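Notes follow the structure.
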Amino acid sequence: MAMKDPVHPGVIVREDCMQPLNLSVTECAKVLGVARQTLSNLVNAKASVSVEMAYRLSKAFGSTPRTWLGMQLAFDLAHTQELEEKIKVKRVSVERGSKARTTPQSG
């Protein structure tokens, strides 16, 4: 069975935290102590959960900052294939008593 891609944590904020409480973006932004646009960007998956936002979300809705950041990390890693192909970096290795050199990187 194939695993589903992780959902952006902003979608979880919107659907699992705000909607059950009938909170608008404006109301929730006030609760969190952030600008309306900041929260709007998050719940529309246009911004990532920062460390500070993770603390705010954990205080307002429960769970832990680590949980919120873990959701963001899982989402980011699931969407990195394009980035991985774009970044052309060779592995650096250091042999005892010599300077660092690059070696071809496999797969």
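We did not get these values from a lab; they are worked out from the coordinates using the rules stated. This structure is a prediction, so every number in the text was calculated from the model and none was measured. When we count neighbours, we look across all protein chains shown, and the Cβ atoms used for this are built from the backbone with ideal geometry, even at glycine.
Checking 95, 85, 27, 15 one by one, the residue that is touching a strand residue (DSSP E or B) at 6+ places or on another chain (Cβ under 9 Å) and surrounded by fewer than 16 Cβ atoms within 10 Å (Cβ to Cβ) is 95 and no other. Name the single residue that is nearest to residue 12 (Cα to Cα) among those in the range 67-102 being under 26 Å from the mean Cα position of the chain (by Cα) and among the β-branched types (Val, Ile, Thr). That would be 67. Every condition in (1) loosely packed, with under 11 Cβ neighbours inside 10 Å; (2) in contact with a Gly (Cβ under 9 Å, 6 or more places away or on another chain); (3) not hydrophobic (A, V, I, L, M, F, W, C) holds for residue 56 except the one numbered (1).
Is it true that some residue in the range 38-58 is among the charged types (D, E, K, R), over 21 Å from residue 79 (Cα atoms), part of a helix (DSSP H, G or I) and more than 18 Å from the chain's Cα centre (by Cα)? Looking for residues that are among the charged types (D, E, K, R), over 21 Å from residue 79 (Cα atoms), part of a helix (DSSP H, G or I) and more than 18 Å from the chain's Cα centre (by Cα), one finds none in the range 38-58, hence no. The set of residues in the range 30-53 being under 16 Å from residue 8 (Cβ atoms) and either surrounded by 14 or more Cβ atoms within 10 Å (Cβ to Cβ) or in contact with an Asp or Glu (Cβ under 8 Å, 6 or more places away or on another chain) (or both) consists of 38, 39, 40, 41, 42, 43, 45, 47, 48, 49, 50, 53.
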